[in-house]
1. Take the range 143-168 and flag every residue that is buried (at least 21 other Cβ atoms within 10 Å of the Cβ), aromatic (Phe, Trp, Tyr) and closer than 20 Å to Val32 by Cβ.
2. Could you list, ordered by first residue, the pairs with Cβ atoms under 7 Å in which the first is in the range 23-47 and open to solvent by less than 50 Å² (accessible area, probe 1.4 Å) and the second is among the acidic types (Asp, Glu) and part of a strand (DSSP E or B), at least 6 apart or interchain?
3. Is at least one residue of the range 216-233 under 20 Å from Glu578 (Cβ atoms) and open to solvent by less than 50 Å² (accessible area, probe 1.4 Å)?
4. Check whether at least one residue in the range 518-531 is charged (D, E, K, R), over 19 Å from Lys592 (Cβ atoms), surrounded by fewer than 18 Cβ atoms within 10 Å (Cβ to Cβ) and outside the structural domain of Cys274 (by the TED database), and report yes or no.
5. Specify the residue that is least open to solvent (accessible area, probe 1.4 Å); the eligible residues are those in the range 64-77 that are out of contact with any Lys or Arg (no Cβ under 7 Å at 6 or more places or on another chain) and modelled with pLDDT under 95.
6. Residues in the range 474-495: is at least one at pLDDT 95 or above and either open to solvent by 60 Å² or more (accessible area, probe 1.4 Å) or not in a loop (DSSP other than H, G, I, E, B) (or both)?
7. Could you tell me whether His171 is open to solvent by 60 Å² or more (accessible area, probe 1.4 Å) and at pLDDT below 95?
8. Within the range 208-223, how many residues turn out to be part of a helix (DSSP H, G or I) and touching a residue at least 60 places away in the same chain (Cβ under 8 Å)?
Amino acid sequence: MAGIRVTKVDWQRSRNGTAHHTQEYPCPELVVRRGQSFSLTLELSRALDCEETLIFTVETGPQASEALHTKAVFQTSELEQGEGWTAAKEAQMENTLTVSLASPPNAVIGRYLLSIRLSSHRKHSNRRLGEFVLLFNPWCAEDDVFLASEEERQEYVLNDSGIIFRGVEKHIRAQGWNYGQFEEDILNICLSILDQSPGHQNNPATDVSCRHDPIYVTRVISAMVNSNNDRGVVQGQWQGKYSGGTSPLHWRGSVAILQKWLKGRYKPVKYGQCWVFAGVMCTVLRCLGIATRVVSNFNSAHDTDQNLSVDKYVDSFGRTLEDLTEDSMWNFHVWNESWFARQDLGPSYNGWQVLDATPQEESEGVFRCGPASVTAIREGDVHLAHDGPFVFAEVNADYITWLWHEDESRERVYSNTKKIGRCISTKAVGSDSRVDITDLYKYPEGSRKERQVYSKAVKRLFSMEASGRRIRIRRAGGRCLWRDNLLEPATKPSIAGKFKVLEPPMLGHDLRLALCLANLTSRAQRVRVNLSGATILYTRKPVAEILHESHALRLGPQEEKRIPITISYSKYKEDLTEDKKILLAAMCLVTKGEKLLVEKDITLEDFITIKCAHPGASGEGLSPV
């Protein structure tokens, strides 16, 4: 009998694409998900004899091997069985054979080569059938990335557009973002990001073998979306100057960024800030099959020394002393959450995991962050992998203000210590509305449980230090700030104050505000008020001073007074950045030594005037840009 060979292969893209929710990928090769069978139809040179066998080989990456689980050799059987790759005959009609192949739910993801060997009567025929791409599978209950809700899978895996929230706590703005994970070349680019990582460049075989693990893959992507340590996708820029590139505010989606990175032969794209990094990372992870969403945290702490507080040093006018202040509180910060099991931590920590591609601090020598279990953050388990202390501080640090004196002594100033981690937001499932998910990250601010968790987190950090893990604790004046924060609460002053906006803050107009002060006692008090104002970036880094004045006033018993403040457009227009943000500060010095710092962040609105010209129309309206 003549030998048998494969003459044609039908990848059944339509049928498999529908079954695997991959029909939107425009790739020429088949795209399927792991842990789920897919079908192929083979045309043979003649009918298959019952004694003849079909042996399949799948392999991915360089130096593929069965030992590394990057190669598998398996033959057809009547039933799908075993823990590895399997093949089963579905149907046979004369010279046509349909087979069902299935990968294990923990298979390495990536581009595979599929080959077949037909054996008959000591005659063998080998053929490369072609390539296919294997992705994570949130529809498979045995996959670590399994997500039970179909509505959430549609939103967090298949939705190719979304909303990113920015602004300030009191004025949250929604911006549309095109993730575009099904656009031309995007899947290939996402796989290239993995291949361009330092781990792959140094040891490709081992790197590919680790791609079964969503913890490993997301950690690699977190590092590769920024360009600080590698040939990453986006270069950050926070100085308000974007020559030679695109302002972060001008991007409206990930596709143009990823395509530019590929066309530029992996040269970082200029420029990005936190929402750009998060938007790109969401595209990549959804494309690879991991349920991912974008999360915005308002009043987000950047704790550089891991003492779980943001330590801000100011002068007598409330101006931030940049040389002393290493920590910061951003008006907002945007990161990602991805949904998967934590086999390294245990089932209690499964679910949403924080990932942050913005290059803020190094994690094990590389600018990346996460995955950090959201549950671990809420419970104060900051000792668990990865980067728990940094993420915990972002949402739950205490905000501590220090007045720095000329003799280099310092004094704690009363201010709102509970302003960190407000209105943590993400897009709703199935709509463009905002959902507040703050309660997933922490217990109610100031509650007994929240304070217990904070104390637990501090103790965890102390034990981490004692066990030899390196934690930087900045010292000032020879004293440890960590213990100062716990043992030296600022005295609550006998006055209260707040800024009040008298007219909507509009770009091109003067700003009109008032500082409202109230005497909380039954005795008269004298107060000196030092006012300052500066244009700032969204990271609250000052750009230029636009207000500097002092006032002395007497407050009678229980009396309230206002100090009017006007900042002319000519004063701020030259130094306003694209963020359109201004920070006001009032250092209130009570005669008997008490001190109160009042701050307010202002975002200026852009408006255009629309004049109606058609008959019967009258007047004109203002519309926000």
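1. The one that is buried (at least 21 other Cβ atoms within 10 Å of the Cβ), aromatic (Phe, Trp, Tyr) and closer than 20 Å to Val32 by Cβ: Tyr156.
2. If the second residue must be among the acidic types (Asp, Glu) and part of a strand (DSSP E or B), the pairs left are Glu29/Glu131; Ser39/Glu90; Leu40/Asp10; Thr41/Asp10.
3. Our first condition is that a residue be under 20 Å from Glu578 (Cβ atoms); within the range 216-233, this holds for none.
No - not one qualifying residue is present in the range 216-233.
4. no
5. At the first step, the residues of the range 64-77 found to be out of contact with any Lys or Arg (no Cβ under 7 Å at 6 or more places or on another chain) are 66-75, 77.
Restricting the remaining residues to those that are modelled with pLDDT under 95 gives 75, 77.
Working: Gln75: 102, Ser77: 32 Å².
The selected residue is Ser77.
6. Yes.
7. On the way: open to solvent by 60 Å² or more (accessible area, probe 1.4 Å): yes; at pLDDT below 95: yes.
In short, yes.
8. 10
The values are calculated or read from the model by the stated rules, or taken from the named source; none is laboratory data. Only a predicted model underlies this, so the values are computations on that prediction, with no experimental measurement involved. Glycine gets a Cβ as well: all are built from the backbone with ideal geometry, and neighbour counts include every protein chain shown. Only protein heavy atoms, including side chains, enter the accessible area calculation; ligands, DNA and RNA are left aside. Shrake-Rupley method; radii C 1.70, N 1.55, O 1.52, S 1.80 Å.
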